[in-house]
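Report on the following structure.
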Amino acid sequence: MDIKDNELLRHFETPTDFGLLVIEYAMQDRKIFLTKINEPDNIGAEQVENFLKEVLAIAEGRNLKVVPTNPKIAHFFRKNPIYKELLPPGIKL
């Protein structure tokens, strides 16, 4: 999956057959706040999850803590407890 970190617009993006899949973020200190996910119509949930996994791998590679402020992303963290180590101390989902 080809993911572009568009720092000017502050989002991660990847092209799909249905359009552009985007996760918007905000940076503060060593934390990345995942604020919004824009997904095209008719896209599969598996493709969105794979994109989110890749974005989390990028955050982990940059030694960032992840704060999911979007309910869909927070649900992903609850469903996949292996990513809870990326949460900053004190954040419970």
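The values are calculated or read from the model by the stated rules, or taken from the named source; none is laboratory data. Keep in mind that this is a model prediction, so the values were computed, not measured. Reconstructed Cβ throughout: ideal geometry from the backbone, glycine too, with neighbour counts over all protein chains shown.
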If I filter the stretch 15-51 down to residues being of a type in the set (S, T, N, Q) and without any contact (Cβ under 8 Å) to a residue 40 or more places away in the chain, which single residue comes out as farthest from R78 (Cα to Cα)? T16
Boolean, I43 is part of a loop (DSSP other than H, G, I, E, B) and surrounded by 15 or more Cβ atoms within 10 Å (Cβ to Cβ): yes
Any idea how many residues of the stretch 47-72 are in a helix (DSSP H, G or I), touching a helix residue (DSSP H, G or I) at 6+ places or on another chain (Cβ under 7 Å) and not charged (D, E, K, R)? 3
Condition met for Y25 (of a type in the set (S, T, Y) and at pLDDT 95 or above): yes
Kindly indicate which of F18, F12, F33 is modelled with pLDDT of 95 or more, on the phi < 0 side of the Ramachandran plot, touching an Asp or Glu at 6+ places or on another chain (Cβ under 8 Å) and surrounded by 13 or more Cβ atoms within 10 Å (Cβ to Cβ). F12
Checked the stretch 57-71 for anything more than 10 Å from the chain's Cα centre (by Cα) and within 22 Å of M1 (Cα to Cα); matches are E60, G61, R62, N63, L64
Taking the condition at pLDDT 95 or above and within 23 Å of G19 (Cβ to Cβ), does V66 pass? no
Scan the stretch 52-70 and report the pairs whose first residue is within 22 Å of G90 (Cβ to Cβ) and surrounded by 18 or more Cβ atoms within 10 Å (Cβ to Cβ) and whose second residue is hydroxyl-bearing (S, T, Y) and modelled with pLDDT under 95, with Cβ atoms within less than 8 Å and a gap of 6+ or a chain change. L56/Y83; V66/Y83
